[in-house]
Amino acid sequence: MVEKLSRLPLETRTALQQLSCFGDRAETTMLAIALEKSDEDVRHDLWDAIRLELVEHVNGAYKFVHDRIQEAAYSL
């Protein structure tokens with residue numbers, strides 16, 4: 001899984017790593033603050049992860065679809 005994540009764009013990897021520090025779920029606004037970006041930039045950064053079904057965007061928050069993905073992102 002780490003190898004799969006390492007092939008993602010740098011911005012996506014950084015956003016996933018930050019999301020993993022919050023646990024399995026974080027509000028978009030909290031990620032934006034932590035990454036020092038706008039909510040829109042966070043959505044853009046995580047688009048590939050959503051497309052690959054690594055995370056979901058539900059009710060204004062991003063959530064890992066499986067704990068193994070969160071663990072791999074944390075180890076990046």
Expressed as an acute angle from 0 to 90° and rounded to the nearest 10, what is the orientation of the C-alpha long axis of helix 39-51 relative to the principal long axis of the chain? 30
Would you calculate a helix-derived [θ] at 222 nm for the chain, using -39,500 (n - 2.57) for each DSSP H run of n ≥ 4 and dividing by the full residue count, to the nearest 500? -17500 deg cm²/dmol
Low-density loop positions, GluC sites (Glu not before Pro), the chain - DSSP coil, at most 14 other Cβ in 10 Å: Glu36, Glu53
Structure-derived percent of Cα pairs over 15 Å apart: which label, when the choices are [x] 71; [y] 43; [z] 63: [y]
Quick check: residue separation of Met1 and Asp67 times 0.36 nm, minus the Cα distance between them. What number comes out in nm? 22.6 nm
List, in order, the whole-Hz ³J(HN,Hα) value for each residue of region 61-69 obtained from phi through the Karplus relation with A = 6.51, B = -1.76, C = 1.60 and θ = phi - 60°; use x for Gly and Pro. 9, 9, 9, 5, 7, 8, 5, 5, 5
Run the dipole for the chain about the Cα centre, Lys and Arg Cβ at +1, Asp and Glu Cβ at -1, nothing else charged, and hand back the magnitude in debye, nearest 20. 180
Enter the angle in degrees (range 0 to 90, nearest 10) between the Cα long axis of helix 10-22 and the first principal axis of the Cα atoms of the chain, meaning the one along which they spread out most. 80
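We did not get these values from a lab; they are worked out from the coordinates using the rules stated. Small disclaimer: the values here were computed from a predicted structure and weren't measured. All Cβ positions, glycine included, derive from the backbone under ideal geometry; neighbour counts span all protein chains shown.
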